[in-house]
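Notes follow the structure.
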Amino acid sequence: MDQNRAPVLEALQAYRERGYTPFTPPGHRQGRGADPRVLDVLGEDVFAADVIPVNGLDDRTGSQGVVEHAQQLMAEAVDADQAFFSTCGSSLSVKSAMLSVAGPHEKIIVPRHAHKSVISALILSGVSPVWLSPHWDAGRHLSHPPGPEEVRELFEAEPEAKGMLLVTPNDYGTCGDIAAIAEVCHSFGKPLIVDEAWGAHLPFHPGLPQWGMDAGADVVVTSVHKSGAAVEQSSVFHLRGDLVDPDVLKAREDLLATTSPTSIVYATLDGWRRHMVQHGEELLTAALALAHATRDAINDLPGLRVMGEAEFIGKGLAHALDPLKMTIDVSGLGISGYQATDWLREHQRVTLGLSDHRRVVAHFTHADDHRTAAILLEALSALVKADLPAPPQVDLPSPDELQLETAMLPRDAFFAEVEQVGAEQAVGRISAEMVTPYPPGAPAVLPGEVITQEVVDYVRSGLDAGMTLPDPSDPELKSFRVVARKP
């Protein structure tokens, strides 16, 4: 196929040049109906690019196959059999993949540090999770993807499991051994789904960790808006081999996806793929060099330490590390990551994604350059000199204390008759809600798990220290939603 083509962008350009007058959605009519105050902020081009795919980018019957052609080009570019675009982010892509492997009351192996979108899929589907413990670094209070030995033991113990989901890379950039885990899954005749939301860039440079399709995974989900250059909500899930039926996968995606996808997501996915094929290795080579130099410069700042392979990789830890993720330990300044992130935003106009009780994460992409790296370094230099108070302590549980007892399926607990009880009364009760530090978005408590005092102390002290917990019905965590006791 001609990887210099960009079918969605070409169709959008043709739509403009032919001067169509639509009497179909979107109702803003390429911005003519938008409030001028909105146009002042967003610009007219955003609305001009918002064209309905059917009888817009393509004709009524979709005879030109515009989106299908773009998906085929994406699949070829990353060595997949098929690729599917999602305009609802990787949250939808992960749900579609899981539901294509297991159905209601069937089992699937899931690592306990999975993203809340995975838990949402369990709730929607009624699939029964077989929990797999991640590799825990108890000293640093970090989780890493599990290894092949643990996967083999679980398949031997749960032979009826329909497949496995693996999360790699995680929010800190640590990666699992996909190839070894895929080999284990396939030895049992089971498919491997990889939630590689943070790894859309991995296929395009040999100096990065191996990407899921090259490592033998059956379905790989990527968030192109995270590590690529597409707009928010842009995701692709890729398929290879015959362990997952492509018709079933597409049907599950149709079940969950919007019937009104935006051409803006399609167009940016299409253009990013072409850009990476043509220039990806060159761009990522520059990004890797910039990240390496910036890492060294941060390590020269007193009180800061960029964690690397020495801390992340080894037996019982991670298999590889994405060097574009810089996990900066700020505990040497006597502050928390929450404080650092808030201070950098307010005083330096620098925003970071992940923060925790002692770390922040700065994520580099091919879009970064010496100017943005210099801004980060200047902001961190100012942080070193800032006079911030000692942070509230977070009551960190041990890895064993984070492994809660599962008393009900997530779906059954979520839809059960519930009641709201005080935090002290919630201990020993079955949770009917997720309690999720975000980011990274791995729930501390799931529907169906028995709430413990240690986890209550953890999330409540975390909230006081600055942790973001978007899920609980009581945002102050003075009470918890639990399954009602039968009279």
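Compute the Rg to Rh ratio over segment 136-231 from the alpha carbon atoms, using the Kirkwood formula for Rh, and round to two decimal places. Let's see the in-between values first.
Values: Rg = 13.9 Å, Rh = 13.9 Å.
Over the Cα atoms of segment 136-231, Rg/Rh equals 0.99.
Over 27 Å apart: what share of the alpha carbon pairs of segment 1-153 falls there, rounded to a whole percent? List each step's numbers first, then the result.
On the way: 5873 of 11628 pairs.
Here the long-distance tail beyond 27 Å is 51 percent of all Cα pairs in segment 1-153.
Can you tell me what percent of all Cα-Cα pairs in segment 7-274 are more than 30 Å apart? It would help to have the intermediate numbers written out before the result.
On the way: 11620 of 35778 pairs.
Value for segment 7-274 (Cα pairs over 30 Å): 32 percent.
Given the Cα atoms of the chain, and with Rh set as the inverse mean 1/r over their pairs in the Kirkwood sense, what is Rg to Rh to two decimals? All intermediate terms of the calculation are to be shown ahead of the outcome.
Details: Rg = 23.2 Å, Rh = 23.9 Å.
Using only Cα positions, Rg/Rh for the chain is 0.97.
Ranking Val184, Val54 by Cβ neighbours within 10 Å, fewest first, what do you get? Please report the intermediate quantities before stating the final value.
Numbers: Val184 21, Val54 16.
Listing Val184, Val54 from fewest to most nearby Cβ atoms yields Val54, Val184.
For the chain, what is the mean residue ellipticity at 222 nm derived from helices alone (per DSSP H run of n ≥ 4: -39500 (n - 2.57); sum divided by total residues; nearest 500 deg cm²/dmol)? Show your work: numbers first, answer last.
Details: 18 runs with 189 residues, N = 487.
So the helix-based figure for the chain works out to -11500 deg cm²/dmol.
Quick check: pseudo-label points 7 Å beyond the Cα along Cα→Cβ at Glu476 and Glu106, how many nm apart are they?
That separation, rounded to one decimal, is 4.6 nm.
Calculate the dipole size of segment 399-483 relative to its Cα centre from +1 charges on Lys and Arg beta carbons and -1 charges on Asp and Glu beta carbons; express the result in debye to the nearest 20.
Working: 5 positive and 15 negative charges, 37 e Å.
It comes to approximately 180 debye.
In whole Hz and in residue order, list the ³J(HN,Hα) couplings for segment 118-127 that follow from phi through the Karplus curve 6.51 cos²θ - 1.76 cosθ + 1.60, θ = phi - 60°; x for Gly and Pro.
3J(HN,Hα) across segment 118-127, in whole Hz: 5, 5, 4, 5, 5, 5, 5, 8, x, 5.
When all alpha-carbon pairs of segment 1-89 are counted, what percent fall beyond 15 Å?
Details: 2548 of 3916 pairs.
Cα-Cα pairs of segment 1-89 separated by over 15 Å account for 65 percent.
Please report, in whole Å, how far the alpha carbons of segment 399-483 spread along each principal axis, starting with the longest.
Extents along the principal axes, in whole Å: 31, 25, 21.
Would you mind calculating the relative contact order of segment 399-483 from Cα pairs under 8 angstrom and at least 6 residues apart, reporting the percent as a whole number? Before the final figure, lay out each step's value.
On the way: 167 pairs, mean separation 32.9, N = 85.
With pairs under 8 Å counted, the relative contact order is 39 percent.
Taking the Cα atoms of segment 280-385, report the difference between the largest and smallest coordinate on each principal axis, in whole Å and largest first.
37, 36, 22
log₁₀ I(q)/I(0) of segment 314-449 at q = 0.09, 0.12 Å⁻¹, via Debye over equal Cα point scatterers, no solvent, to two decimals?
Taken in order of the listed q values, log10 I(q)/I(0) reads -0.42, -0.68.
Can you give me the long-range amide H partners of Leu142? Hydrogens built in the peptide plane at 1.01 Å from N, cutoff under 5 Å, separation of 5 or more residues or another chain.
Under 5 Å from the amide H of Leu142 lie the amide H atoms of Asp137, each far enough along the sequence or on another chain.
Exactly which GluC sites (Glu not before Pro) in segment 159-200 are in a DSSP loop and have at most 13 other Cβ atoms within 10 Å?
Answer in residue order: Glu160.
Based on the mean of other Cβ atoms within 10 Å per residue, sort peptides 278-285, 316-323 so the most packed one is first. Before the final figure, lay out the partial values.
Numbers: 278-285: 15.5, 316-323: 20.6.
In decreasing order of mean packing, 278-285, 316-323 become 316-323, 278-285.
Quick check for the chain: number of Lys pairs with alpha-carbon distance under 25 Å, counting only pairs 8 or more apart or on different chains?
24
Using the Karplus equation 6.51 cos²θ - 1.76 cosθ + 1.60 (θ = phi - 60°), what ³J(HN,Hα) coupling, rounded to whole Hz, does each residue of segment 366-382 give in order, writing x for Gly and Pro?
Calculated HN-Hα couplings, in order: 5, 7, 7, 8, 5, 5, 5, 5, 5, 4, 4, 5, 5, 5, 5, 5, 5 Hz.
Counting other C-beta atoms within 10 Å, and keeping those with at most 11, which DSSP coil trypsin sites (Lys or Arg not before Pro) do you find in segment 333-439?
Working: sites: Arg345, Arg349, Arg358, Arg359, Arg371, Lys385, Arg411, Arg429; in loops: Arg349, Arg358, Arg429.
Qualifying residues, ordered by number: Arg349.
Each reported figure results from applying straightforward, stated rules to the coordinates on display, with no laboratory input. On a predicted model such as this, the values are computed, not experimentally measured, just so you know. Reconstructed Cβ throughout: ideal geometry from the backbone, glycine too, with neighbour counts over all protein chains shown.
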